[in-house]
Amino acid sequence: MKFLDQAKIFVKSGDGGAGAVSFRREKHIEFGGPDGGDGGRGGDVIVECVDNLNTLIDYRYQQHFKAAKGHHGQGRNCTGGKGDDVVLKVPVGTQILAEDKDTVLADLTRAGTRIVLMRGGDGGFGNLHYKTSTNQAPRRGDVGWPGQEQWIWLKLKMIADAGLVGLPNAGKSTFLAAVTRARPKIADYPFTTLHPNLGVVYLSGDEFVLADIPGLIEGAHEGAGIGDRFLGHIERCRVLLHLIDGTAEDVAESYRIVRGELAAYGGGLDGKPEVVALNKCDSIVAEEIRDKLAALEQACGHKVFPLSGVAGIGLKEILGELFAHIRAAKDAEPGIVAASAALGTGKRGNEGFYRRMKDAEASEFDHGTYGPDGEWIWFDAEEDEDDGDEQSDH
Ligand SMILES: Nc1nc2c(ncn2[C@@H]2O[C@H](COP(=O)(O)OP(=O)(O)OP(=O)(O)O)[C@@H](O)[C@H]2O)c(=O)[nH]1
Ligand SMILES: [Mg+2]
């Protein structure tokens with residue numbers, strides 16, 4: 001599946017239609033007078049937040065969106081029709097930013113929200129409008145007002161309830177695969193995950209959305225590894241699940257590195273409720289588990305859960321803990337709804353969704369992404385192939 005979380009597009013609202021200059025001419029009616037109608041309004045640029053999308057990939061194929069011009073006014077006092085609107089459909093969690101990539105024009109966090117981003121230009125007046133007692137046959141008809149145009153950025157910040165963080169290879173994708181129907185790529189080399197994955201956790205009649213993002217390494221905030229580019233996707237999570245690889249020598253150090261990167265990123269990430277788990281407990285002995293749990297608890301100052309995503313140890317306790325935090329946060333601030341419905345996993349039989357994903361897969365655009373300055377970067381094609389080989393070896 002191709003995931004694209006930012007796109008730069010050009011939008012323009014429609015120009016207004018021109019007013020008409022026309023005079024009533026009918027048999028037996030002298031001095032029929034002006035009857036030119038006003039022009040119609042140009043189409044608006046509308047942004048609609050929908051729940052069956054989870055990527056901005058559509059905006060990779062088309063970057064220019066122009067609403068239609070208003071229709072001209074006509075004689076017999078006919079006002080022109082309004083131009084057709086252009087409707088941009090975006091996934092839940094999309095922010096619309098001005099060209100400076102800084103000013104937030106809109107933040108769409110709820111499916112069904114529709115906003116008029118730019119209004120179409122008004123139509124020009126027809127000559128009927130200019131009729132006065134002293135000028136009974138005006139020959140003035142105005143052109144319509146121009147629509148507005150600008151480049152905007154669409155930036156998707158997925159809305160998940162819980163976010164997975166940790167060093168590469170900590171087992172984040174394995175955990176996501178163990179507790180949801182998502183099937184992310186898993187392998188024993190760092191940076192297997194190149195873009196965020198979402199999954200829905202079903203828990204005793206309730207559900208929440210879990211996001212898996214690429215691993216963080218020391219210096220991620222300066223661009224090391226994949227960098228902190230995808231941390232935006234967990235900005236809106238209500239709780240973070242921090243996974244530590246139990247087979248690592250110094251688990252407390254692993255913990256501190258990731259915490260350091262969260263703090264350096266800002267955006268309130270280091271202030272979020274955190275659940276810490278010592279992963280891969282299936283491959284270390286009981287004594288080591290005890291020591292490492294103690295070392296971690298000392299480093300983070302609260303309880304640490306033992307976990308094995310592969311063997312399925314400790315999943316229930318951790319999900320329960322995550323859910324408790326989510327429920328508490330939801331009670332405190334019910335505002336934002338997570339994008340569960342936006343997922344292929346949670347929504348079966350959504351033909352449009354699957355078709356789009358299939359098309360996206362077949363496309364060459366599968367192999368690139370926007371860089372930090374909006375430039376398009378191709379993923380290394382050869383490296384992709386190597387990945388495949390490596391996987392089949394295992
Ligand atoms: N023994 C053991 N191995 C695990 C466990 N969880 C994950 N692994 C292994 O650890 C390796 C990395 O797992 P991933 O799930 O890809 O790790 P990740 O954190 O998503 O890694 P990145 O996407 O690269 O950041 C794989 O070889 C997994 O099989 C576990 O609970 N026990
Ligand atoms: Mg991964």
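Things worth noting here:
- Backbone N within the stretch 270-301 under 19 Å of label point (7 Å from GLU218 Cα along the Cβ vector): 296, 299-300
- Net charge dipole, the stretch 162-352: roughly 720 debye, given to the nearest 20, about the Cα centre with Cβ charges of +1 for Lys and Arg and -1 for Asp and Glu.
- Calculated FRET value between GLU48 and ASP84, using beta carbons and R₀ = 22 Å, to 0.05: 0.90
- A simple spin-label model places the labels of THR103 and ALA324 4.6 nm from each other, with each point 7 Å out along Cα-to-Cβ.
- Extension gain, ASP188 back to ASN77 (0.36 nm per residue minus Cα-Cα distance, nm): 32.6 nm
- Given charges at Cβ of Lys, Arg, Asp, Glu: the stretch 1-156 dipole, positive-most of GLY126, THR109, GLY32: GLY32
- In this simple spin-label approximation, GLU26 and ASP270 carry label points 7 Å from Cα along the Cα→Cβ vector, and these lie 7.9 nm apart.
- Packing rank of 83-95, 200-212, where each peptide gets the mean count of other beta carbons within 10 Å, highest leading: 83-95, 200-212
- Point-to-point label distance, VAL143-GLU288, nm (Cα→Cβ direction, 7 Å offset): 7.7
- Centre-to-centre separation between the Cα atoms of the stretch 179-194 and those of the stretch 159-178: 8 Å.
- Anchor LYS303: lysines whose Cα lies under 16 Å away (excluding residues fewer than 8 positions away in-chain): LYS272, LYS292, LYS316
- The charge dipole of the stretch 225-300, taken about the Cα centre with unit charges on the Cβ atoms of Lys, Arg (+1) and Asp, Glu (-1), comes to about 420 debye, rounded to the nearest 20.
- Those lysines that a straight Cα-Cα span of less than 24 Å connects to LYS89, excepting residues fewer than 8 apart in one chain: LYS2, LYS8, LYS12, LYS66, LYS69, LYS101, LYS155, LYS157, LYS347, LYS358
- Farthest towards the positive end of the charge dipole of the stretch 1-156, among the residues LEU88, HIS71, GLN136, is the Cα of GLN136, using unit charges on the Cβ of Lys, Arg, Asp and Glu.
- Put simply, the amide H of VAL92, placed in the peptide plane, has neighbours under 5 Å in VAL50, LEU53, leaving out anything fewer than 5 places away on its chain.
Taken together, the values in this text are just the output of simple stated rules run on the coordinates, not laboratory data. Bear in mind the structure is a predicted one, so any value in this text is a computation, not a measurement. Glycine gets a Cβ as well: all are built from the backbone with ideal geometry, and neighbour counts include every protein chain shown.
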